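Novice: Here it is, the structure, as structure tokens.
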Amino acid sequence: AMRLKSICDKRHISINKLASMSDVRQSTIDNIIQGNSKNPTVKSLHKIAAALNMTLAEFLDFKELNEYSFEDEEK
């Protein structure tokens, strides 16, 4: 929540604008920032990260995610 708020503040992006850019409802983003949504969906987080021109790993500050292959799970 704090990371998302910080990124938006640094880039001068309002929550309303981020919602529009990411195609994620403003209420969902508000709930993430306010801490009401403890487990947002990966899909929502991915959309937000993409709107911010970041990978999901960069957005979550979780470098190990870059090394993970989701294709391996589909077998």
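The values are calculated or read from the model by the stated rules, or taken from the named source; none is laboratory data. None of these values were measured; they are calculated from a predicted model. Here Cβ is always computed from backbone atoms with ideal geometry, including for glycine, and neighbour counts include all displayed protein chains.
Novice: Looking only at region 29-44, which residues are surrounded by 15 or more Cβ atoms within 10 Å (Cβ to Cβ), assigned to a helix (DSSP H, G or I) and more than 11 Å from the chain's Cα centre (by Cα)?
Specialist: Taking region 29-44 and keeping what is surrounded by 15 or more Cβ atoms within 10 Å (Cβ to Cβ), we get 29, 31-33, 37, 40, 44.
With assigned to a helix (DSSP H, G or I) added as a condition, the list becomes 29, 31-33, 44.
The answer is N31, and nothing else.
Novice: Right, here's the next one. Taking region 13-28 as the search range and keeping residues that are not in a helix (DSSP H, G or I) and not small (G, A, S), which one is surrounded by the most Cβ atoms within 10 Å (Cβ to Cβ)? It would help to see each step written out before you state the result.
Specialist: Taking region 13-28 as the starting set, the residues that turn out to be not in a helix (DSSP H, G or I) are 13-14, 23-25.
Next cut, not small (G, A, S) only: 13, 23-25.
Numbers: I13: 15, D23: 11, V24: 21, R25: 11.
Checked region 13-28; the qualifying residue surrounded by the most Cβ atoms within 10 Å (Cβ to Cβ) is V24.
Novice: Picking from K10, K47, which residue would you name as being modelled with pLDDT of 95 or more, loosely packed, with under 10 Cβ neighbours inside 10 Å and charged (D, E, K, R)? Break it down stepwise before answering.
Specialist: On the way: K47 fails: loosely packed, with under 10 Cβ neighbours inside 10 Å.
Just a single option satisfies the conditions, and that option is K10.
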